[in-house]
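Worksheet for the structure shown next.
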Amino acid sequence: MKQLLSIIMLTLAASAFAAKADKSVSINVGGQSRQYWLYVPSNAKSNCPLVVSLHGASGHSTDRSPFRTDVADRAGCIVVYPQGNEIYFPVFGGTVTGWDASGEVNADVDFIKAIIEDVAAKYTIDRKRIYCCGFSNGGMMTYAMSNACSDVFAAFAAISGFPLNEFHFRHTGARPVPFLHIHGKRDDFVRYALMPVIVDEMVARLGANPIPQKTTVNGKYDKSIYEATDGSFPYTYYEIDNMGHNDFTSDIETGSSAQVMWNFFKQYTLDTPCDTTLKWLPHIETEGYEAKNHGWTIGSGTTLLRFGVEQNTSGKQNVYRSLQLTTGKYKLCFHADGDAGKTLTVKLQKLTGRKNYVLNTTVSANTDASLNFEVSDGWGEYKLTILRPAATDQITITRLGIYSLSDEEMTYIHEVDEDDNTRGMAGIYSLAGCKATHPMQGIYIKNNRKYYVNNL
């Protein structure tokens, strides 16, 4: 009798956790049949969250990687495991399943968005609680989705994967995003040694505090929280002591990397407030932040500040510190504290493709600068340089950042008087709207009209 009762109890327990759906699904996207694995736990309720979990290169949707179904069972969230296409990876010298993690809108992005629509047509999901995570190449794709679909997913998590090689693009998305990263200290494939650059890139992109709150659990992990500042989101980074290139670790809080992802996700919705105009905010003035150790040139001769270098792929898997922007209208802001009688030259030069200047103007050395500029030719990498008149000039720069602008905030004036010399005339302004006390050769504004300065 006791044995029969035990069997009944075990059967009831098993049925209590039986999934509502646990199956492969095919959908047509762009004329191509593609597949994903759908897992709907038995306790999934109306308006439940959705997690998109992306396998690594050569992986499969049936790997159920890296988000685990046992976590979905506890959380009551739906999980989908998309199946990557066969694509060529130079690092493997051949074709395997994976993701086109360029950061641009492409067929894989369309596929993932189509999965969300397919699930939403069958189940009532909370559109404000959709999350993305991935392992290895799936982690690269997670970073890419934070560029391409920051207005779809509320938060992101990557394990053993970051943008590198052909997938090094890291330009900004529609908004800052909460991001969690887990990486093994023994990972020599997607190399742990390169993570400091990835951290720098993401912390600046999100506008988080570059000095982390750090916790160490000896023999297991280091946890660094780069806390949110006004309008931004945090970047949380786990370094796992004895982990190589893996999609799961138990040497972490809660004993499950998948559970840590969920605990991070559930803090955020698409309604969580942030400054959607924020694109890059490095906080170089933060106490304890050694800017020169993070890719900055500070106070070198007449160069007051410089960031951004030519592409550097040798031995670094295309991972290097860079300032990346895509098509859009922006403003560069900073506070300069120095002699009001002096000026600063501000240059923002594209380093890829046509190496043009999108900003080349002067401002007072004692001002709150807001310099408008536009990128019209797609993704590119840029170098920011701020020059002072003399190496001995004591000028500090704080609150440096780049923000997006609406069309209404950009001013365009179409009348041009060619060959006018405006030197010595009062009320001259750059196209960015800053007073030009010493205009260089180029087009300037006076009395709401454009003038060309050609005699310097």
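The values are calculated or read from the model by the stated rules, or taken from the named source; none is laboratory data. Bear in mind that the values here come from a model prediction, so they are computed numbers and not experimental data. Here the Cβ is made from the backbone with ideal geometry for all residues, glycine too, and neighbour counts use every protein chain on show. When the accessible area is computed, the model is the full protein with side chains, heavy atoms only, and any ligands, DNA or RNA have been set aside. Shrake-Rupley method; radii C 1.70, N 1.55, O 1.52, S 1.80 Å.
Starting from the 7 Å offset along Cα-to-Cβ, what nm value, one decimal, do you get for the label separation of Thr327 and Tyr88?
Those two pseudo-labels are separated by 2.7 nm.
Just the number please: accessible area per residue for the chain, 1.4 Å probe, all protein chains included, in Å².
For the chain, the per-residue accessible area is 43 Å².
Given the C-alpha centroids of region 343-390 and region 230-305, what is the distance between them in whole angstrom?
26 Å
With a Förster radius of 25 Å, plug the Cβ-Cβ distance of Tyr289 and Thr392 into 1/(1 + (r/R0)^6) and report the FRET value to the nearest 0.05.
Here the calculated transfer efficiency is 0.55.
Convert each backbone phi in region 279-290 into a coupling constant with the Karplus relation 6.51 cos²θ - 1.76 cosθ + 1.60 (shift: θ = phi - 60°), then list the ³J(HN,Hα) values in order as whole Hz, x for Gly and Pro.
Couplings: 10, 6, 8, x, 6, 5, 8, 4, 4, x, 8, 8 Hz.
Give the peptides 94-100, 311-317, 61-67 in descending order of average Cβ contacts within 10 Å, highest first.
Ranking the peptides 94-100, 311-317, 61-67 by packing returns 61-67, 94-100, 311-317.
Pairing the Cα long axis of helix 137-148 with the longest principal axis of the chain, what angle in degrees results, from 0 to 90 and rounded to the nearest 10?
50 degrees
Over region 172-226, what is the relative contact order in percent, taking alpha-carbon pairs closer than 8 angstrom and at least six residues apart?
That works out to 25 percent.
Which distance in nm do the two modelled labels at Ala340 and Glu227 give, with both placed 7 Å along the Cα-to-Cβ direction?
About 3.5 nm, to one decimal.
For the pairs Lys223/Lys279; Lys128/Lys355; Lys214/Lys331; Lys20/Lys185; Lys292/Lys331; Lys214/Lys316, note any where the Cα-Cα span goes beyond 31 Å.
From Lys223/Lys279; Lys128/Lys355; Lys214/Lys331; Lys20/Lys185; Lys292/Lys331; Lys214/Lys316, over 31 Å: Lys128/Lys355; Lys214/Lys331; Lys20/Lys185.
Spin-label point model (7 Å from Cα, Cβ direction): what's the Gln32 to Thr95 distance in nm?
1.1 nm
Tell me the angle of helix 195-206 to the major Cα principal axis of the chain, expressed in degrees between 0 and 90 and rounded to the nearest ten.
The helix 195-206 is inclined about 70 degrees to the chain.
Counting only C-alpha contacts under 8 Å and six or more residues apart, can you give the relative contact order of region 280-411 as a whole percent?
For region 280-411, the relative contact order is 35 percent.
Before anything else, pin down the relative contact order of the chain: Cα pairs under 8 Å, at least 6 apart, normalised by residue count, whole percent.
The normalised contact order for the chain reaches 10 percent.
So what's the angle, to the nearest 10 degrees on a 0 to 90 scale, between helix 107-122 and the longest Cα principal axis of the chain?
On a 0 to 90 degree scale, this one is about 50.
Quickly rank 115-128, 21-34, 182-195 as a protection proxy: mean count of other C-beta atoms within 10 Å, highest first.
Descending mean neighbour count gives 182-195, 115-128, 21-34.
For the chain, which whole percent of the accessible surface, found with a 1.4 angstrom probe, sits on carbon and sulfur atoms?
48 percent
Would you mind telling me the antiparallel percentage of the DSSP bridges in the chain, rounded to 5?
If I count the DSSP bridges inside the chain, around 75 percent turn out antiparallel.
Which peptide among 47-54, 256-263 comes first, and what is the full order, when sorted by highest mean count of other Cβ atoms within 10 Å?
Highest to lowest by the protection proxy: 47-54, 256-263.
Determine which residues of region 122-153 fall in the zone a paramagnetic label at Asp271 would reach in this model, i.e. backbone nitrogen under 14 Å from the point 7 Å along Cα→Cβ.
Output list for this probe position: 126-130.
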